[in-house]
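In what follows, a single structure is set out as structure tokens and then discussed.
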Amino acid sequence: MLRRMCISLAVLAIAAAPALTVLASVTSSADASMASTAASTATTLTHHSGQVLAVKHGFIHGNIHNGGTAVHLVRPGTAGAHGGTLTLNATATSTNWSGYAATGSTYTSVSASWVQPTGSCTSATRYSSFWVGLDGYNSNSVEQDGTDTDCSGGRPVYYGWYEMYPNPSFSFGNTVRAGDTMSASVTYTATNTYKLVLSDATQGWSVSTTQTLSGAPRNSAEVIIEAPCCTNGGGILPLANFGTVHLSNSVANGSAIGTFSPVGITMVNSRGQDKDTITALTSNENFSATWVRAS
């Protein structure tokens, strides 16, 4: 599924260019059903294996100013809803991201593990993504891979994907099930070259792809839960009820992500209400996110 990460902060200070658009393809009959149902919500969906969808990941999206120009902003130090409980230097709120983002350095690798959460679905089509990535927090590129728990026609849909924005992203194609222990990593291996790996310890498979992207600054590393975009009006899609997802072994540049004093991000709606909540880091690398509302 193609997704766009849209961060929208209550107080804005540091400008960042448009970050990334993640594209992932549908590969199973369940995915195809989900995509068909989603057509009334999302824009320009296509539903065949290997094709790009118009549901977007990974884009930092700020408020609209100056005749509709998107200003993409993040402010470390913004008081978030959980600023008193997080073990980090800064907190932020976002309309579609939650999790942790390490900044202030050059990053060559990021990885994390999670148990694929079970979607609790109604008849509404909804989306949730779980991924690791380099860039995207304050840059106009992103290198990322992860999984989705989406809802279509009253049933959950699970799949894994990778993306190198501004190039499209694609489904890995391997079967993902609720309760599977997933691991994802992105590693800068040579000039403009990245290796992206997604593994399922429960089912015993691991897939990887080597991709190239020139000019990426590698100035952030993230472990993220996301409500992607876009509705026909360009807004954030409703967040699928994933219950609680546990993320562990969150590592950047070979060290626990907490050692970089990462920004903790809480997902909120336009009224400032939590769409999910995140816990403090334990052992500098483990945390959980719990769904609160779709939008």
(request) List, in order, the whole-Hz ³J(HN,Hα) value for each residue of the stretch 203-217 obtained from phi through the Karplus relation with A = 6.51, B = -1.76, C = 1.60 and θ = phi - 60°; use x for Gly and Pro. (result) 8, x, 10, 9, 10, 9, 9, 10, 10, 10, 7, 8, x, 5, x
(request) Kindly provide log₁₀ I(q)/I(0) values, in the same order as q = 0.21, 0.25, 0.29 Å⁻¹, from the Debye equation applied to equal alpha-carbon scatterers of the stretch 213-257. (result) -0.91, -0.95, -1.02
(request) Name the residues whose placed amide hydrogens come within less than 5 Å of the amide hydrogen of residue 136, ignoring near sequence neighbours (fewer than 5 apart) on the same chain. (result) 141
(message) Test of understanding: what is the full-extension gain from residue 261 to residue 206, defined as 0.36 nm times their sequence separation minus their Cα-Cα distance?
(response) 16.8 nm
(request) Give, to the nearest whole percent, the P(r) tail of the stretch 105-145 beyond 15 angstrom, counting all Cα pairs. (result) 57
(request) Distance from a point 7 Å along Cα→Cβ of residue 190 to each backbone N in the stretch 105-147: keep the residues under 19 Å and list them by number. (result) 108-109
(message) Sort 236, 224 by heavy-atom solvent-accessible area, probe 1.4 angstrom, most to least.
(response) 236, 224
(request) Starting from the Cα-Cα distance between residue 124 and residue 282, subtract it from 0.36 nm times their residue separation and give me the gain in nm to one decimal. (result) 53.4 nm
(message) Based on Cα coordinates alone, diagonalise the gyration tensor for the stretch 159-295, multiply each eigenvalue by 5, take square roots, and list the semi-axes in whole Å, largest first.
(response) 24, 19, 18
(request) Could you pull the accessible area for residue 212 with a 1.4 Å probe, rounded to 10 Å²? (result) 90
(request) May I ask you to rank 271, 218 by accessible area, largest first, using a 1.4 Å probe over the protein chains only? (result) 271, 218
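The values are calculated or read from the model by the stated rules, or taken from the named source; none is laboratory data. None of these values were measured; they are calculated from a predicted model. Neighbour counts run over all protein chains shown; Cβ positions are idealised from the backbone, glycine included. Quick note on the areas: whole protein, heavy atoms, side chains included, nothing else; ligands and nucleic acids left out. Shrake-Rupley method; radii C 1.70, N 1.55, O 1.52, S 1.80 Å.
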